[in-house]
Each structure stands twice: as structure tokens, then as C-alpha cells.
Amino acid sequence: MLAAALLLGTVTLSAQNQGPQTPEQKEKQLLEFIDREVKRLSDQLELEYWQEFYVDSTLNHDYHALQEEMEELQKTKVGNTDIYQNVQDKWMQQIDDSYHRFFNEEQWKKYWKSTGQRNQKARDKRKAKAEKASAELKNGGK
């Protein structure tokens, strides 16, 4: 999740500093990020070749889907940052669920300890906060 936030932040900063990025520049930046993330996970978890393929496929699919969903929100001029965060959380959860399916037990534990658990706690905390706010709205702010 941190990686996605950094990627989206980098895209935003680049757009602010250099003007709007072309779709080709955005795509190149996303693919470079995915390549770095696959390499990082491969080195950290000692992934086998087939696992690298699945990590790459997962990230390509899910980050592109995340990017498309974020762009749709921007096009419709959604201003609520919580909605953007919910979309990001949904896709980061999807990535973790995919990893859990094809990492072996040792790799999963290492991933979970170094990255996944912290990200899950942050997602759970945001979800609980949103549910609490929703419940308060339903109860008339009481």
C-alpha cells in the first residue's frame, strides 16, 4: 500500500512540476515501478521464477485497475479523499490476497511480517473509522 501511495504521489508531483504527463509517460512510470517491486519482492522472499511471473501479473492487473478507478473518480470530480483511500485499500487488499495464494508459507510469513501486516492494520483502522463515522451519521450524530 505504501508503494502504491508513493507511486500515486510521484505521479501527482511529476504532473505538478512538469505539467500533465502523457498517457505514455504514466504507463512507463507504472511499469518501471512494477518492475522494481517485483525485483524487491523476489530478492526479499527468494521467489521462484513462476512466482515472479505471478507477482508481475498481479501487480500489472491490479495497479492498472487501481489507476483506472482513480482516474474515473478524478474525471467525475470526486473530492472526498476517503473515497480515493477506499479504492486504494480495496486494490491493496486484492494484491495481498493474491500473494497469499502463491507464496509458500515461509514467504508469506516473511512478507506479512515485513509489509503485509502493517498495511492490513492501517486498512483495518481506516475501515473502522469509516464505519464509526457512518454509524454516527445514521444515529444523527449521537
* Asked: So which lysines can Lys39 reach, going by Cα to Cα under 26 Å and dropping same-chain residues fewer than 8 places off?
  -> Lys26, Lys28, Lys90, Lys109, Lys110, Lys113, Lys121
* Name the residues of the range 46-65 whose amide N is less than 19 Å from a point 7 angstrom out from the Cα of Lys109 along the C-beta direction? -> 46-48
* What spacing in nm lies between the two simple spin-label points modelled at Asn139 and Thr22, each 7 Å away from Cα in the Cβ direction? -> 5.5 nm
* Asked: Rounded to the nearest whole Å², what accessible area per residue is found for the range 31-142 with the 1.4 Å probe?
  -> 68 Å²
* Asked: Expressed in nm to one decimal, what extension gain is obtained for the pair Phe53 and Ala65 from 0.36 nm per residue of sequence separation less their Cα-Cα distance?
  -> 2.5 nm
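The values are calculated or read from the model by the stated rules, or taken from the named source; none is laboratory data. Bear in mind the structure is a predicted one, so any value in this text is a computation, not a measurement. Cβ sites come from the backbone with ideal geometry, for glycine too, and all protein chains shown count toward neighbours. Please note that ligands, DNA and RNA were not included when accessible areas were found on the heavy atoms of the full protein model with its side chains. Shrake-Rupley method; radii C 1.70, N 1.55, O 1.52, S 1.80 Å.
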